[in-house]
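One structure is given here, and the rest of the page talks about it.
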Amino acid sequence: MEIREGLYYSEDHEWVRVEGDRACIGITDFAQEHLGDIVFVEVPDLDSEFEAGATIGVIESVKAVSDMHTPVSGKVVAVNDALEDSPGALNKDPYGQHIAVLAMSDRADLDKLMNSADYAAFCTREAE
Amino acid sequence: MGYVPNPPRVVREMLESMGFQGIDDLFADIPAGLRLNRELNLEAPRSEQELRQELGQLAARNTAVDDRPCFLGAGAYDHYIPAVVEQLLLRSEFYTAYTPYQPELSQGILQAIFEYQTMICNLTAMDLANASMYDGGSALAEACSLACDTTRRSRVLVPDTVNPRFLDVARTYAGGGKMEIVAVPGSDGIADAAAIASLVDSRTAAVVVQHPNFYGNLETDLPAIEKAIHDQKGLLIMSVDPISLGLLKPPGAWGADIVAGEGQALGNPLSFGGPYLGFFAATEKLMRKVPGRLVGQTVDLDGQRAFVLTLQTREQHIRREKAGSNICSNEALCALAAAIYLSVAGREGLKEIAARCHRLACYARDELQKRGLRLKYQRPFFKEFAVAIRDPGAANRALLEAGIIGGYELGGALLLAFTEKRNRTEIDRLVSVLGGVDNE
Amino acid sequence: MSKLIFEKSVPGARAFSLPPCDVPEPGELPDSFLREEDALLPEVSEVEAVRHYTELSRRSYGVDSGFYPLGSCTMKYNPKINEWAARLPGFANIHPYQDEETVQGALELMHDLEGMLREITGMDSFTLQPAAGAHGEMTGVLIIKAYHNHRRDLQRTKMIVPDSAHGTNPATAHMAGFEMIEVKSSARGLVDIADLRALMSDQIAGLMLTNPNTLGLFEEEIQEIAEAVHAAGGILYYDGANANAIMGVARPGDMGFDVCHLNLHKTFGTPHGGGGPGSGPIGVKAFLADFLPVPVIVRRDGRFALDYDRPLSIGKVLSFYGNFGVMVKAYAYIKALGASGIREACENAVLNANYIRTGLRGHYDIPYDRLCKHEFVASARRQKKENGVSALDVAKSLIDYGYHPPTIYFPLIVEEALMIEPTETETRERLDDFIEAMLAIARDAAEHPEQVKDAPRKAVIRRLDETRAARNPVLKWTPE
């Protein structure tokens, strides 16, 4: 199971890549493996605003459905349109495929997230 | 008489093998105070012979439409059911089966439902159809709910030319607090397009139109209604008579977003109101939100075409409290009856049946008018219309005495339905009796 | 590869003819209202139609085909006399709006069936209107809502549901506009009563429970649970899906339940029909009777009638009176069994479940390995850990042995769950054979796991690409 360096992680198995004042958000390898083959991704509307922890979308696999939360507060400035035709890309390349990009409204949200080492430990504990 | 196959000796041996002394040990986990320490107060058991006799007697106390021509419609219709339908439904692999969750064992049923879905799509000219809902009324209620959910609005406008029972059911479902059903008075037997257009705004999730409507009339102002709701980015929900679709322009061609109708007329008996068949179809855009089961096509490991329940993540067993609908069991066997019926009627047959219904209705209208009776509404109709009668109750009593099951009583009128089972002789007698009843 | 009926269509083939008609042709519907193109429906002869559907039936599997241990579904034998009864013209060919004088037999049947169900459940009033269990749940939950609203107790916006509950329970709560709150299960697999007490407040509308629960375990503290819910002003709802485990032995009405639904297509032997039709009657205690759907069947001067004068009713949940054709079968079933037969069915359902449970012990994990009721949950956890063989693999292997698999991956609180409910209409020989098959699969899992993972191999198709079906849904046939 892959955990990438340089990203922030939430307890809901989302990752955040910070680029300036933008946050790219996606799901981790743990999440995609747990979900199984992803068949559909419901992405948020552009310009919609969310608080950290809010549900911004839905990820459906054949046998399960999972809410997608944003670990940071902000406004949606971009979504990954490619996921509409190729939802399976999230399985193949979870860290390379973001789901949405938010313009962050409160950088302090990042302080509540884990780094890759902490996330690795978190995942080990979850597996027990 | 019961159906437990193990004789008492075997039951004893099974108990012993598990270390139990007696049957009561199996209920040791039920607190003594809760155990019913008496026999249920029910009548003595019956042998099959006694059952046959008693049920036969009870059934004989009802007047079946076999015995007399039935002009009752108002949401349930005495259409002809081919013998083939009844026989095939007795195949026990169909009727004793459960929901086809294990596709390897259920390809037959899954294929039948896929074919049914296809037929409904073709009849209604919609992109997709589900595997059935409980009936036309509850299907319409769920259509309203879906419209509210997908538009994120809560008002649904329903003309009172829609079946009043459908409206009742939609109102009950609205008790969940997620939608508001607003009835809009009709105008001379059809929906009032101007009134609807004036009420449609950005809070309107959908407008419902039943076509032909409850009074049998074609909703001739449909185009205006469709424009009004779509201009405001709401949805058009249509409830339709499936038999009429052998003749009439289908809802998809009218721009309907959701279709929810009563499918009883397709191969299902009157059965005192149930089980019936709610058919439900929608545009592709709504695919991932439609309620109910969906059968999809795929392949197996050997590349063979196969069918499977799909998009199950919409449903209650996966989405649970986030599901759009709680529907689990549906009306699968009734849908199968409809599919067999449509296969037997076929492309030409359904057209002929629809044309025959309309032809007989027109004949009845002409004959009634010759006798000085007039229709309540001067509107084009399909197979049903309301004839003005001063005392509909008295008229029905007179009809019953003459060996006819009359119409549905409205205020000052009788709603009469004409299916392909009716004929000239029956209609002549109907007209004769109604002509003889005291009228304005 | 089997063809669809559309692929068998031959233009011009007919299976249908109308009698001649000697009334004038009308020809007057406005053109703009007519179909431009025919609906694409099959064109086959009667013989081809019959062969098509007969062939489809042979690739299906019902209770009449073999053992069907689907947990929570109660796949018991469907007596054939009931099929005969429902098809009697006096039951099948009556219109719901016929004059009440002409349908007294139908009204009497419904009235008597309500009486039987009252006695079996210990409830005071019934409605037969809901068309399925989930429909009944919605009706019952709307009644709860109407009751609280009527008393102006408007802050009761939450409904409690166990974490082991069937998906319809939370879905129903949501449909009725309630916020769902989960109560945890204890280590014994039952409702954690301390957790429940902590959740109770004046915001709780009620608790939805099935008893026995989805693990097949009887809620021993049901009286304490009822007390806790009632003390907080809540209503206790009984999901009757598991009524086969207690009928004739105990009654939800006696346990403190205020509302219940029953599944006629489970407990009362009416056929499942490939997914329906079912019937989900609702029973209530007297204080809730005013809220029942209309119409209510009443008896006046020896005649039966439909009473619509019910100002507090929640309204209608179905256009007519319920699935009458299903009611006829349940009525016949209860009449045939009588009190002794009802009890016997329940006792043998519980006997058979425990028999399989003890037979599988040691070969499969049984998380709550103690006296169960009519069903129990085994787990393929060990097989998964040791050989990567999952509950799904076990289920698919059973197909090769000629069985319909049990329910899998439910309830959610058990890993690799296999929920097994044999029902009472199975012989010891049948149960022994099933246990043998399960043991053989366990052996195969240990010795030849790849075989188990490849199952089924003897069915008409092999495992399906369900991902493809969901990613690129094809929901109807289109001509090439």
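Considering only residues that are farther than 15 Å from C:His230 by Cα and in contact (Cβ under 8 Å) with a residue 24 or more places away in the chain, which ones fall in the range C:150-164?
Hits for the range C:150-164 are C:His150, C:Gln155, C:Thr157, C:Val161, C:Pro162, C:Asp163, C:Ser164.
Please go through (1) at positive phi; (2) more than 13 Å from chain B (Cβ to nearest Cβ) for C:Ser125 and return the number of the only condition it doesn't satisfy.
Status for C:Ser125: all satisfied but (1).
So in the range B:21-46, with the set limited to residues that are assigned to a loop (DSSP other than H, G, I, E, B) and more than 8 Å from chain C (Cβ to nearest Cβ), which one is farthest from the chain's Cα centre (by Cα)?
Of the range B:21-46, the ones assigned to a loop (DSSP other than H, G, I, E, B) are B:21-22, B:28-31, B:36-46.
Now drop any that are not more than 8 Å from chain C (Cβ to nearest Cβ), which leaves B:21-22, B:37-38.
Details: B:Gln21: 52, B:Gly22: 49, B:Asn37: 43, B:Arg38: 42 Å.
The extreme case among them is B:Gln21.
Out of the range B:141-166, which residues are within 20 Å of C:Tyr97 (Cβ to Cβ), more than 9 Å from every other protein chain (Cβ to nearest Cβ) and crowded, with 24+ Cβ neighbours inside 10 Å? Walk me through it before giving the result.
Restricting attention to the range B:141-166, the residues satisfying the condition of being within 20 Å of C:Tyr97 (Cβ to Cβ) are B:160-166.
Pick out the ones that are also more than 9 Å from every other protein chain (Cβ to nearest Cβ) and you get B:160-162, B:164.
Once the filter is applied, which keeps residues that are within 20 Å of C:Tyr97 (Cβ to Cβ), more than 9 Å from every other protein chain (Cβ to nearest Cβ) and crowded, with 24+ Cβ neighbours inside 10 Å, the range B:141-166 yields B:Thr161, B:Val162.
Is it the case that the range B:270-280 has a residue that's within 7 Å of chain C (Cβ to nearest Cβ), hydroxyl-bearing (Ser, Thr, Tyr) and either surrounded by fewer than 23 Cβ atoms within 10 Å (Cβ to Cβ) or under 30 Å from C:Met327 (Cα atoms) (or both)? Break it down stepwise before answering.
Pass one, the range B:270-280, residues within 7 Å of chain C (Cβ to nearest Cβ): B:270-275.
Now drop any that are not hydroxyl-bearing (Ser, Thr, Tyr), which leaves B:271.
Checking the rest, the ones that are also either surrounded by fewer than 23 Cβ atoms within 10 Å (Cβ to Cβ) or under 30 Å from C:Met327 (Cα atoms) (or both) come to B:271.
Within the range B:270-280, one or more residues are within 7 Å of chain C (Cβ to nearest Cβ), hydroxyl-bearing (Ser, Thr, Tyr) and either surrounded by fewer than 23 Cβ atoms within 10 Å (Cβ to Cβ) or under 30 Å from C:Met327 (Cα atoms) (or both).
Residue by residue, here is whether (1) in contact with a Gly (Cβ under 6 Å, 6 or more places away or on another chain); (2) farther than 23 Å from B:Cys121 by Cα; (3) free of Cβ contacts under 8 Å to residues at least 12 places away in the same chain holds:
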site: B:Asp168; (1), (2), (3): yes, yes, no
site: B:Pro185; (1), (2), (3): no, yes, no
site: B:Ile225; (1), (2), (3): no, no, no
site: B:Ser239; (1), (2), (3): yes, no, no
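Exactly one condition in (1) surrounded by fewer than 24 Cβ atoms within 10 Å (Cβ to Cβ); (2) part of a helix (DSSP H, G or I); (3) more than 8 Å from chain C (Cβ to nearest Cβ) is not met by B:Glu86; state its number.
Here B:Glu86 meets the rest and fails (3).
Take B:Ile109 and decide whether it is touching a Ser or Thr at 6+ places or on another chain (Cβ under 6 Å), over 20 Å from B:Leu235 (Cα atoms) and of a type outside the set (Gly, Ala, Ser).
In short, yes.
Scan the range C:276-296 for residues that are modelled with pLDDT of 95 or more, under 22 Å from B:Cys328 (Cα atoms) and not aliphatic (A, V, I, L, M) and jot them down.
C:Pro277, C:Gly278, C:Ser279, C:Gly280, C:Pro281, C:Gly283, C:Pro293, listed by residue number.
So for the range C:460-468 (the condition being at pLDDT 95 or above, of a type outside the set (A, V, I, L, M, F, W, C) and either outside any loop (DSSP other than H, G, I, E, B) or over 27 Å from B:Arg305 (Cα atoms) (or both)), does at least one residue qualify?
no
Counting only residues that are acidic (Asp, Glu) and part of a helix (DSSP H, G or I), how many does the range B:149-185 have? Steps first, answer last, please.
Here is the first cut: in the range B:149-185, the ones acidic (Asp, Glu) are B:149, B:160, B:168, B:180.
Going one step further and asking which of them are part of a helix (DSSP H, G or I), we end up with B:149, B:168.
So the count comes out to 2.
Which residues, counting only those in the range B:90-112, are more than 8 Å from every other protein chain (Cβ to nearest Cβ) and surrounded by 23 or more Cβ atoms within 10 Å (Cβ to Cβ)?
Residues of the range B:90-112 that are more than 8 Å from every other protein chain (Cβ to nearest Cβ), as a first pass: B:101, B:110.
Passing the criteria: only B:Leu110.
Of everything in the range C:289-344 that's closer than 18 Å to C:Ala243 by Cβ and of a type in the set (Lys, Arg), which residue is nearest to the other protein chains (Cβ to nearest Cβ)?
So the residue we want is C:Lys335.
Only one residue in A:Asp12, A:Asp29, A:Asp45 is on the phi < 0 side of the Ramachandran plot, among the charged types (D, E, K, R) and in contact with a helix residue (DSSP H, G or I) (Cβ under 9 Å, 6 or more places away or on another chain). Which one? I'd like the intermediate steps shown before the answer.
Numbers: A:Asp29 fails: in contact with a helix residue (DSSP H, G or I) (Cβ under 9 Å, 6 or more places away or on another chain); A:Asp45 fails: in contact with a helix residue (DSSP H, G or I) (Cβ under 9 Å, 6 or more places away or on another chain).
A:Asp12 is the lone residue from the list that is on the phi < 0 side of the Ramachandran plot, among the charged types (D, E, K, R) and in contact with a helix residue (DSSP H, G or I) (Cβ under 9 Å, 6 or more places away or on another chain).
Just for strands (runs of 3 or more DSSP E) wholly inside the range A:12-111: which have at least 2 residues that are within 29 Å of C:Leu412 (Cβ to Cβ) and in contact (Cβ under 8 Å) with a residue 40 or more places away in the chain? Explain how you work it out, then say what you get.
Numbers: elements: A:14-19, A:22-27, A:38-42, A:55-61, A:65-69, A:74-79, A:100-104.
In the range A:12-111, A:14-19, A:22-27, A:38-42, A:55-61, A:65-69 are the strands (runs of 3 or more DSSP E) which contain 2 or more residues that are within 29 Å of C:Leu412 (Cβ to Cβ) and in contact (Cβ under 8 Å) with a residue 40 or more places away in the chain.
Working only within the range B:389-407, note down all residues that are within 14 Å of chain C (Cβ to nearest Cβ) and surrounded by fewer than 23 Cβ atoms within 10 Å (Cβ to Cβ). Let's see the steps before the verdict.
Of all residues in the range B:389-407, those within 14 Å of chain C (Cβ to nearest Cβ) come to B:392-407.
Passing the criteria: B:Pro392, B:Gly393, B:Ala394, B:Arg397, B:Ala398, B:Leu400, B:Glu401, B:Ala402, B:Gly403, B:Ile404.
In the range B:219-246, what residues are part of a loop (DSSP other than H, G, I, E, B) and crowded, with 21+ Cβ neighbours inside 10 Å?
Selection gives B:Glu219, B:Gly234, B:Asp241.
Kindly indicate which of C:Ile297, C:Ile342, C:Ile366, C:Ile334 is touching a residue at least 12 places away in the same chain (Cβ under 8 Å), surrounded by fewer than 24 Cβ atoms within 10 Å (Cβ to Cβ) and under 26 Å from C:Pro277 (Cα atoms).
Going through C:Ile297, C:Ile342, C:Ile366, C:Ile334 in turn, the sole match is C:Ile297.
Between residues in the range B:138-156 that are touching a residue at least 24 places away in the same chain (Cβ under 8 Å) and residues that are acidic (Asp, Glu), which pairs lie under 6 Å by C-beta distance while being six or more apart or on different chains?
Close Cβ pairs satisfying both conditions: B:Ser154/B:Glu180; B:Arg155/B:Glu180.
So, in the range C:3-18, how many residues would count as being at the interface with chain B (Cβ under 7 Å from one of its Cβ atoms) and either in contact with a strand residue (DSSP E or B) (Cβ under 6 Å, 6 or more places away or on another chain) or part of a loop (DSSP other than H, G, I, E, B) (or both)?
5
Condition check ((1) facing another protein chain (nearest Cβ under 9 Å); (2) buried (at least 21 other Cβ atoms within 10 Å of the Cβ)) across all residues:
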| position | (1), (2) |
| --- | --- |
| C:Ile399 | yes, no |
| C:Leu431 | yes, yes |
| C:Glu447 | no, no |
| C:Asp454 | yes, no |
| C:Lys458 | no, no |
| C:Val474 | yes, no |
| C:Glu480 | no, no |
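When the range C:433-480 is examined, which residues are found to be more than 20 Å from C:His404 (Cα to Cα) and among the small types (Gly, Ala, Ser)?
C:Ala446, C:Ala469, C:Ala470
Could you tell me which numbered condition C:Leu475 fails, if it satisfies all but one of (1) over 23 Å from the mean Cα position of the chain (by Cα); (2) assigned by TED's automatic domain parsing to the domain that holds C:Gly362?
Among (1) over 23 Å from the mean Cα position of the chain (by Cα); (2) assigned by TED's automatic domain parsing to the domain that holds C:Gly362, C:Leu475 violates only (2).
For B:Glu367, which of the numbered conditions (1) within 23 Å of the chain's Cα centre (by Cα); (2) at pLDDT 95 or above; (3) surrounded by fewer than 20 Cβ atoms within 10 Å (Cβ to Cβ); (4) not small (Gly, Ala, Ser) fails to hold?
Exception for B:Glu367: condition (1).
Tell me the residue from B:Cys334, B:Cys357 that is in contact with an Asp or Glu (Cβ under 7 Å, 6 or more places away or on another chain), in contact (Cβ under 8 Å) with a residue 60 or more places away in the chain and either crowded, with 24+ Cβ neighbours inside 10 Å or within 24 Å of C:Pro24 (Cβ to Cβ) (or both), please. Before the answer, list the steps.
Details: B:Cys334 fails: in contact with an Asp or Glu (Cβ under 7 Å, 6 or more places away or on another chain).
Among B:Cys334, B:Cys357, only B:Cys357 is in contact with an Asp or Glu (Cβ under 7 Å, 6 or more places away or on another chain), in contact (Cβ under 8 Å) with a residue 60 or more places away in the chain and either crowded, with 24+ Cβ neighbours inside 10 Å or within 24 Å of C:Pro24 (Cβ to Cβ) (or both).
Among the candidates C:Ala92, C:Ala106, C:Ala85, C:Ala131, which residue alone is modelled with pLDDT of 95 or more, at the interface with another protein chain (Cβ under 7 Å from one of its Cβ atoms) and within 21 Å of the chain's Cα centre (by Cα)?
Details: C:Ala92 fails: within 21 Å of the chain's Cα centre (by Cα); C:Ala106 fails: within 21 Å of the chain's Cα centre (by Cα); C:Ala85 fails: within 21 Å of the chain's Cα centre (by Cα).
Answer to the check: C:Ala131.
The values are calculated or read from the model by the stated rules, or taken from the named source; none is laboratory data. Note that this is a predicted model, so its numbers are computed, not measured. Note that we place each Cβ from the backbone using ideal geometry, even for glycine, and neighbour counts take in every protein chain shown.
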